[in-house]
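J.: Quick one: structure below, then a few questions.
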Amino acid sequence: MTLAKKIVLLLMAAGMLLAVFLESVPAQSEEMKHDMSTMAMGASGASTEGYKAAMDKMHADMMAQEYTGNADVDFVRGMIPHHQGAIDMAKVELANGKDPEIRKLAEAVIAAQEAEIKQMQEWLAAHPAK
């Protein structure tokens, strides 16, 4: 066998190995995505589901806002669901958390965010969007 034939056969073999490797990459990638999403979820349970639900609701409510072009009004409208998200997450902590310091923090978050939501709602009522 000539040197040229050996080189051609080696190149063909390398090409076939490369093709097999490239064929398997998407499948491995999909498996890794699945494994990573499972790992990212970590421990599941009531608190995890509660936090996810609170975040999903907050993001949906913030994105549903219709902008007016008035920076003050748009800020306040966006902050209300943001604050409500903090309240909802704090309630998940109170329902599931054990650490007394963090439970106290959650109670303080609820009190502060509820007061600020009330203040923002009152401000919006006094300053309708133009």
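The values are calculated or read from the model by the stated rules, or taken from the named source; none is laboratory data. Quick caveat: nothing in here was measured; it's all calculated off a predicted structure. Note: ideal-geometry Cβ built from the backbone for every residue, glycine included; neighbour counts use all protein chains shown.
J.: Quick one: count up the residues across the range 116-130 that are surrounded by fewer than 11 Cβ atoms within 10 Å (Cβ to Cβ) and aliphatic (A, V, I, L, M).
T.: 2
J.: In addition: For the range 54-99, give me each residue that is among the small types (Gly, Ala, Ser), more than 23 Å from ALA129 (Cβ to Cβ) and out of contact with any helix residue (DSSP H, G or I) (no Cβ under 6 Å at 6 or more places or on another chain).
T.: If the condition is that a residue be among the small types (Gly, Ala, Ser), more than 23 Å from ALA129 (Cβ to Cβ) and out of contact with any helix residue (DSSP H, G or I) (no Cβ under 6 Å at 6 or more places or on another chain), then ALA95 is the only one that fits.
J.: Let me ask something else about it. Quick check on the range 100-116. Is at least one of its residues under 30 Å from PRO128 (Cα atoms), of a type in the set (Asp, Glu) and touching a helix residue (DSSP H, G or I) at 6+ places or on another chain (Cβ under 8 Å)?
T.: Yes, because at least one residue in the range 100-116 is under 30 Å from PRO128 (Cα atoms), of a type in the set (Asp, Glu) and touching a helix residue (DSSP H, G or I) at 6+ places or on another chain (Cβ under 8 Å).
J.: Something else now. For the range 1-104, which fully contained helices (runs of 4 or more DSSP H) count at least 1 residues that are at pLDDT 95 or above and at negative phi?
T.: Of the helices (runs of 4 or more DSSP H) lying wholly inside the range 1-104, those with at least 1 residues that are at pLDDT 95 or above and at negative phi span 71-96.
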